[in-house]
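The values are calculated or read from the model by the stated rules, or taken from the named source; none is laboratory data. Predicted model, so just to flag it, every value in this text is computed and none were measured. When we count neighbours, we look across all protein chains shown, and the Cβ atoms used for this are built from the backbone with ideal geometry, even at glycine.
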């Protein structure tokens, strides 16, 4: 750690402390995360969930980069690229609402990071504005301390999975087989918050948050979430009786495309929520794609079709391949064509800062 000079503390929690620091040799500014637990061997360090996930999910422009791992006197230091602030700070410091073009670009970047993470077989499980880092118009998903492999050993834990107001209903009801759809719920809550400038499901307890969810979505029924009713019976939970509301009333400044996307993301049934790849192909994002004329998909039958329609075609192909689990939260394996779509996505074709 001698090659780094601490500048200031920028974060602290149960995990440890984060400093802004500078590399004495290169002058580069970094973020150093010092973990509280002791790590007596290098193997212990490499088995840390955050380290394992970040090593596998490398070099994506919308996921924070782990630059170095240092173990010194049984203390572990994770050296990250430095980001100026997080999305929560950005929202708090705003003096006027975000425009829809700003929201579109921010959401597009978050989804690209999520799509890549899910493609690599990981779910974040703690997606919230505080864990989305911002620097010079770039957004990056950070803090993978709660990340889990989507094909990991089940049942998954339910405590400390996502901050309350971004936690998916199936996690509240202790579903034994939730997966990346919990990230899509959290993303939907974040997208709605960017329009309202306040957490849509802000509550002080599990029951309080569930009541707010029912207030917006309406009480689930056999047609909207049959497996959810079974989950509720298993934990002796009774849904409060609410008719729900129109998402256009919840998001009065949002376009119809934005309202449609948020409504699909905040679906009771996990299998009704779009995957990150599917969400990227939603009409709300059609203006975000810019493809050099020399780049084409391998499927030559699609080469003469405009990109937007190629995306729609790919989505239909993916839907045909989907196999749903009994609890409606199965993760589909992405095929090689999806890798190409990921490569085709642009990151920043317009600034979101006004």
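For the range 1-19, which positions are touching a residue at least 24 places away in the same chain (Cβ under 8 Å) and surrounded by 14 or more Cβ atoms within 10 Å (Cβ to Cβ)?
The answer is 1, 4, 15.
Being under 14 Å from the mean Cα position of the chain (by Cα), within 30 Å of residue 8 (Cβ to Cβ) and outside any helix (DSSP H, G or I), is that true of even one residue in the range 110-124?
So far as the range 110-124 goes, yes, one or more of its residues are under 14 Å from the mean Cα position of the chain (by Cα), within 30 Å of residue 8 (Cβ to Cβ) and outside any helix (DSSP H, G or I).
So if I check each of 279, 254, 232, which one is assigned by TED's automatic domain parsing to the domain that holds residue 207, part of a loop (DSSP other than H, G, I, E, B) and in contact (Cβ under 8 Å) with a residue 40 or more places away in the chain?
254
What number of residues within the range 20-33 satisfy the criterion of being more than 24 Å from the chain's Cα centre (by Cα) and surrounded by 15 or more Cβ atoms within 10 Å (Cβ to Cβ)?
The qualifying residues number 4.
If you check every pair at least six apart or on different chains, which have Cβ atoms under 6 Å apart with a residue in the range 43-58 that is touching a residue at least 40 places away in the same chain (Cβ under 8 Å) and at negative phi first and a residue that is in a helix (DSSP H, G or I) and surrounded by 15 or more Cβ atoms within 10 Å (Cβ to Cβ) second?
Filtered contacts from the range 43-58: 57/117.
Picking from 28, 68, 50, which residue would you name as being outside the structural domain of residue 116 (by TED's automatic domain parsing) and either touching a helix residue (DSSP H, G or I) at 6+ places or on another chain (Cβ under 8 Å) or at pLDDT 95 or above (or both)?
Testing whether each residue is outside the structural domain of residue 116 (by TED's automatic domain parsing) and either touching a helix residue (DSSP H, G or I) at 6+ places or on another chain (Cβ under 8 Å) or at pLDDT 95 or above (or both) leaves just 28.
The rows are residues; the columns are (1) surrounded by fewer than 18 Cβ atoms within 10 Å (Cβ to Cβ); (2) outside any helix (DSSP H, G or I); (3) not assigned by TED's automatic domain parsing to the domain that holds residue 249.
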residue	(1), (2), (3)
178	no, yes, no
185	no, no, no
190	no, no, no
194	no, no, no
203	yes, yes, no
208	yes, no, no
213	no, no, no
216	no, no, no
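Is it the case, given these coordinates, that residue 82 is buried (at least 19 other Cβ atoms within 10 Å of the Cβ), over 27 Å from residue 122 (Cβ atoms) and touching a strand residue (DSSP E or B) at 6+ places or on another chain (Cβ under 6 Å)?
So residue 82 fails the test.
Which condition number in (1) farther than 16 Å from residue 135 by Cβ; (2) within 23 Å of the chain's Cα centre (by Cα); (3) surrounded by 14 or more Cβ atoms within 10 Å (Cβ to Cβ) is the one that residue 62 fails?
(1)
Given the condition surrounded by 15 or more Cβ atoms within 10 Å (Cβ to Cβ), under 15 Å from residue 169 (Cα atoms) and modelled with pLDDT of 95 or more, answer yes or no: does some residue in the range 244-261 qualify?
No, that holds for no residue.
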